[in-house]
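Engineer: Below is the structure I would like to discuss, written out as structure tokens.
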Amino acid sequence: MKRLVHAVVGCGRVAPNHVDGFSVLPDVEVRWACDRDLTTAESLARAHGLPRVTTDVHEVLADPEVDSVSVATGHATHHGLVAAALEAGKHVLVEKPLALSAEDGAALTSLAERAGRVLSVVSQHRYDRVVTAVRDWIGAGLLGSLVSGVVSLQCGRDDAYYAGSDWRGTYAGEGGSALVNQGYHALDVTRWLTGGLAVVGAAAGHTAPRGGMETEDTLAALLRGPQGALVTYQVTVASSITWRTRVEIIGTGGSVLFDLDHPGTLHVADGNEELRAAAGELASAEVEQAPPGIGYYGISHRRQIADFAAAVRDGHTMIADDRAGLETLILLQDIYGAARHEVAAPALSALRS
């Protein structure tokens, strides 16, 4: 089997998860640590034994032995870096979102197809064992027809998180905040489980901004699934709690409630004996050990990276391929559009007059 050579571009918060995921695979070498800040790149390389360090992404892309790259940089840089890597003949695993606009995202998926290269957007929670089990249960009809969903994420981001970054909390650099950054995975997982979501309405709040952020710190949306199920979705970064997700899917035959927090927990699975039996079998399975990295990133970067490396070798369609990333990006854009065109409700005092 040919050895795959990989490079990590962007050596910040999530980069250790990428290095770990590729390093545990057989016949894979993680060769490059690339970051615009040399100290940051050197720190990642030193911690994980990577042999080459650079601040110039073109040096990475000019290495003829590099097969693939991770792009783990600020949102606004994704389009340019992914395009450059694909044009250089590299396969690409990019952190979410695929791009800041659906138009740029569509251009990247077209470029990947023309180049014959694998392009995948990080959606690691699609690979969580709880999430994949729930998807199997829905597909097998254990929940009956989906009728409702309740999805929430509350987390806390302090002033320093935004003030210490030149892109977070800005429209130009992040494209939003609470939804596109922290809320992305809960939305993506729900869209995947329900078979797609359309926007009924949305509202965004700038209620407790941190560190001079100009973007939303809170957002709520009402979404509809393809068979009519209504999903309420909300996210805030203004909570006193570091990180907590809840995803509840309700069907005519059964309901499930789970979270995406590490290591992923199934809280409720009830409604019929077959569903309860399946949940019992899942609960009895051994819980995976946590990989290095931030705890609430979950435990499934390794699974997605293994799927990515296999797709590079055999060309199969990934669970989290570029089309999936584009579809979630389009949904994000639609939610933001609905929030911008929100019609203010009349004040309660006006209704009473």
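Engineer: Tell me which of these ALA339 doesn't satisfy, since it passes every other one: (1) touching a Leu at 6+ places or on another chain (Cβ under 8 Å); (2) open to solvent by 70 Å² or more (accessible area, probe 1.4 Å).
Structural biologist: Only one criterion in (1) touching a Leu at 6+ places or on another chain (Cβ under 8 Å); (2) open to solvent by 70 Å² or more (accessible area, probe 1.4 Å) is unmet by ALA339, namely (2).
Engineer: Among the residues in segment 132-140, are any hydroxyl-bearing (Ser, Thr, Tyr) and either farther than 28 Å from HIS262 by Cβ or in contact (Cβ under 8 Å) with a residue 60 or more places away in the chain (or both)?
Structural biologist: No: segment 132-140 contains no residue that is hydroxyl-bearing (Ser, Thr, Tyr) and either farther than 28 Å from HIS262 by Cβ or in contact (Cβ under 8 Å) with a residue 60 or more places away in the chain (or both).
Engineer: Every residue in segment 270-312 that is small (Gly, Ala, Ser) and closer than 23 Å to TRP243 by Cβ, please.
Structural biologist: Matches in segment 270-312: ALA283, ALA290, GLY293, GLY295, GLY298, SER300.
Engineer: Within segment 17-40, can one find any residue that is among the small types (Gly, Ala, Ser) and in a loop (DSSP other than H, G, I, E, B)?
Structural biologist: No: zero hits.
Engineer: Can we say GLU248 is part of a loop (DSSP other than H, G, I, E, B), of a type in the set (Asp, Glu) and in contact (Cβ under 8 Å) with a residue 40 or more places away in the chain? Working first, answer last.
Structural biologist: Numbers: part of a loop (DSSP other than H, G, I, E, B): no; of a type in the set (Asp, Glu): yes; in contact (Cβ under 8 Å) with a residue 40 or more places away in the chain: yes.
It is false that GLU248 is part of a loop (DSSP other than H, G, I, E, B), of a type in the set (Asp, Glu) and in contact (Cβ under 8 Å) with a residue 40 or more places away in the chain.
Engineer: Could I ask something else about it? Would you pick out the residues in segment 161-200 that are under 25 Å from HIS301 (Cβ atoms), in contact with a helix residue (DSSP H, G or I) (Cβ under 6 Å, 6 or more places away or on another chain) and of a type in the set (A, V, I, L, M)?
Structural biologist: The answer is VAL180, VAL189, LEU193, LEU197.
Engineer: Go through segment 73-91 and give me each residue that's of a type in the set (A, V, I, L, M) and open to solvent by 20 Å² or more (accessible area, probe 1.4 Å).
Structural biologist: ALA76, LEU81, ALA84, ALA88
Engineer: ALA310 - would you say it is surrounded by 11 or more Cβ atoms within 10 Å (Cβ to Cβ), modelled with pLDDT of 95 or more and over 28 Å from VAL121 (Cβ atoms)? If you could, list the steps in order and put the result at the bottom.
Structural biologist: Details: surrounded by 11 or more Cβ atoms within 10 Å (Cβ to Cβ): yes; modelled with pLDDT of 95 or more: yes; over 28 Å from VAL121 (Cβ atoms): no.
In short, no.
Engineer: Residues in segment 140-198 that are of a type in the set (D, E, K, R) and open to solvent by less than 10 Å² (accessible area, probe 1.4 Å): how many?
Structural biologist: The number of residues fulfilling the criteria is 2.
Engineer: I'd like to know if segment 266-280 contains one or more residues that are touching a helix residue (DSSP H, G or I) at 6+ places or on another chain (Cβ under 8 Å), part of a loop (DSSP other than H, G, I, E, B) and open to solvent by 50 Å² or more (accessible area, probe 1.4 Å).
Structural biologist: The answer is no; no qualifying residue exists.
Engineer: Please go through segment 281-307 and give me each residue that is open to solvent by 60 Å² or more (accessible area, probe 1.4 Å), out of contact with any Pro (no Cβ under 8 Å at 6 or more places or on another chain) and closer than 30 Å to ARG117 by Cα, ordered by number.
Structural biologist: Within segment 281-307, ARG303 is the sole residue that qualifies.
The values are calculated or read from the model by the stated rules, or taken from the named source; none is laboratory data. If you're wondering where the values come from, they're calculated on a predicted model, not measured in any experiment. So basically every Cβ, Gly included, is an ideal-geometry build from the backbone, and we count neighbours across all protein chains shown. Just the protein is used for accessible areas: all its heavy atoms, side chains included, with ligands, DNA and RNA removed. Shrake-Rupley method; radii C 1.70, N 1.55, O 1.52, S 1.80 Å.
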